[in-house]
1. Relative contact order for the chain: what percent, with Cα pairs under 8 Å and sequence separation of 6 or more?
2. Show me the ranking of peptides 248-259, 54-65 by mean Cβ neighbours inside 10 Å, starting with the highest.
3. How much net charge surrounds residue 438 when only the other residues with a Cβ under 12 Å from the Cβ of residue 438 are counted, with Lys and Arg +1 and Asp and Glu -1?
4. Determine the relative contact order of the stretch 2-135: mean sequence separation of Cα pairs under 8 Å and six or more apart, normalised by residue count, in whole percent.
5. Quick one: check the C-alpha center-to-center distance for the stretch 317-360 versus the stretch 294-309, whole angstrom.
6. Sort 425, 107 so the one with the fewest other Cβ atoms within 10 Å of its own Cβ comes first.
7. Mind putting a number on the dipole of the chain about its Cα centre? Charges go on the C-beta only, +1 for Lys and Arg and -1 for Asp and Glu, and I need it in Debye to the nearest 20.
8. Quote the FRET efficiency, to the nearest 0.05, computed for residue 305 versus residue 264 with a Förster distance R0 of 30 Å and r equal to the Cβ-Cβ distance.
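Readers should treat all values here as calculations from the given coordinates under stated rules, not as data from a laboratory. Because the structure is a prediction, the values reported are computed rather than measured. All Cβ positions, glycine included, derive from the backbone under ideal geometry; neighbour counts span all protein chains shown.
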Amino acid sequence: MFAQISPGELSNAHSDLEGISNCTKCHDLGKSVSKAKCLDCHSEITDLMNQERGFHSSSEVLSKDCWSCHGEHFGRTFQIVRFDKDGFDHNKSGFELKGKHKEVKCEDCHNSKHILVEKLKKKNSTFLGLGNQCKNCHEDVHQGTLSEKCSNCHTEEKFKPALKFNHENTKFKLTGSHINVDCLKCHIKEERNSKPFQKFAGVKFNSCNNCHEDFHKGKFGNDCASCHNPNSFKEVNILSGFEHNKTNFPLIGKHNLVKCENCHKGSLTNKPKFQKCYDCHEDFHKGEFVKNNLQTDCKSCHNEQGFSPSTFTLEKHSETKFQLANAHSAIPCFSCHLKETEWKFRISSEKCIVCHENIHANKISAEFFDENKCESCHSTIAWQNVEFDHNRTEFKLAGKHIDASCADCHFVFEGEKIQNQRFAELNLNCTQCHRDIHFGQFIEVGLELCNECHTSENWQPILFDHSETRFP
């Protein structure tokens with residue numbers, strides 16, 4: 001009788017509920033399986049859902065009935081919990097897998113050692129009951145001395161080094177040489193509670209002597225900063241109270257960074273010459289700006305903020321024999337004035353070919369390229385902007401030829417490289433530039449007859465009248 005009522009044998013997990021008298025332990029009369037009765041029995045899941053923890057508390061799962069995932073009445077050997085480890089979206093559990101966690105096997109974390117809920121530890125196999133704090137699975141190597149929020153310093157890619165830690169956020173900000181000190185120099189390793197331990201919290205830092213030996217044995221007190229600075233113990237500020245600005249040579253710009261002994265040779269009381277820059281500095285230009293045995297004032301191009309970049313402006317350049325205009329005004333100085341490794345500022349000529357390669361050398365007749373004057377065709381706006389009156393030649397431009405670029409007819413390319421140039425001694429035949437698709441059929445006595453059918457406006461044979469042929 002029961003076999004006729006029951007849809008099938010229960011799984012091994014629910015085998016104790018077999019029998020017609022137990023139906024209502026899961027089912028409501030006349031209805032399907034009750035979700036509430038499932039949760040009454042599986043209280044460990046109910047507890048987690050109430051705490052909004054784990055996979056079963058996700059919105060996707062909460063909206064479903066239990067039986068939609070955990071089917072029953074399919075026999076003793078049926079797996080009521082079917083779990084695809086490889087395809088499972090761990091984000092739905094409330095703990096997204098990032099970094100090294102992606103490479104960890106499920107059982108490395110999901111084992112009884114890491115389960116927080118005591119009654120779940122007794123289960124043979126479960127994925128429930130884990131916490132989402134680092135210490136739930138990992139040992140606290142800091143032994144409670146630092147914040148429990150490991151992500152303040154560490155990432156999930158790797159524990160060491162602590163990439164997110166910034167010493168600027170501590171009470172002792174690292175400056176000068178302290179920046180390059182090995183952490184172990186201050187944060188020593190020791191043993192605590194029979195375990196290796198590195199001390200990060202509680203390190204004294206209110207005095208230099210907490211870490212450094214007092215080289216002066218207490219003779220000069222504890223205020224090391226009155227003479228020394230964090231950059232180097234050997235950088236002594238014994239003249240920190242001296243105001244150089246009260247002398248005839250106030251320190252400005254880069255001069256503020258120069259060591260005293262660089263200028264004051266032998267003794268700090270020596271008075272070096274300082275009227276001219278070259279009293280201390282080598283003439284970088286090697287006499288190029290000497291006029292009438294007099295050195296040009298360096299300040300006309302440079303200042304104390306740094307020798308480079310120069311303060312020689314475009315406005316000043318306009319006062320020279322070569323005024324910068326158009327594209328030249330955007331060219332950096334070294335493009336014209338740096339020859340290999342040596343700077344040259346006095347240029348021998350104002351001709352373009354002093355700086356630019358003459359790619360048309362011996363390619364254009366003197367009639368159109370008198371004295372190699374690039375201005376005959378080009379301007380300083382852009383090299384590509386060519387202005388040439390083609391009507392001066394024997395081939396006047398008309399029709400589509402007007403829109404053609406110079407390179408289309410006069411340059412022969414191999415890839416993107418110019419292989420040859422053709423300006424002089426070009427004939428006026430169309431096949432000089434265009435391919436003869438008629439293979440010489442319309443050449444009579446050495447003359448091409450292209451113009452009989454075609455115009456420079458359109459390649460289509462608009463002039464051709466078939467009625468004038470022998471085949472109207």
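1. Details: 356 pairs, mean separation 25.7, N = 472.
Taking the mean separation of contacting Cα pairs over the length of the chain, I get 5 percent.
2. Details: 248-259: 11.1, 54-65: 14.0.
Going from most to least packed, we get 54-65, 248-259.
3. Values: positive: 435; negative: 436, 448, 452.
Cβ neighbours under 12 Å give a net charge of -2.
4. Details: 115 pairs, mean separation 30.9, N = 134.
Answer for the stretch 2-135 is 23 percent.
5. 21
6. Working: 425 6, 107 10.
Fewest to most other Cβ atoms nearby, the residues stand as 425, 107.
7. So the magnitude is around 3260 debye.
8. Values: r = 22 Å, r/R0 = 0.75.
For R0 = 30 Å, the calculated efficiency reads 0.85.
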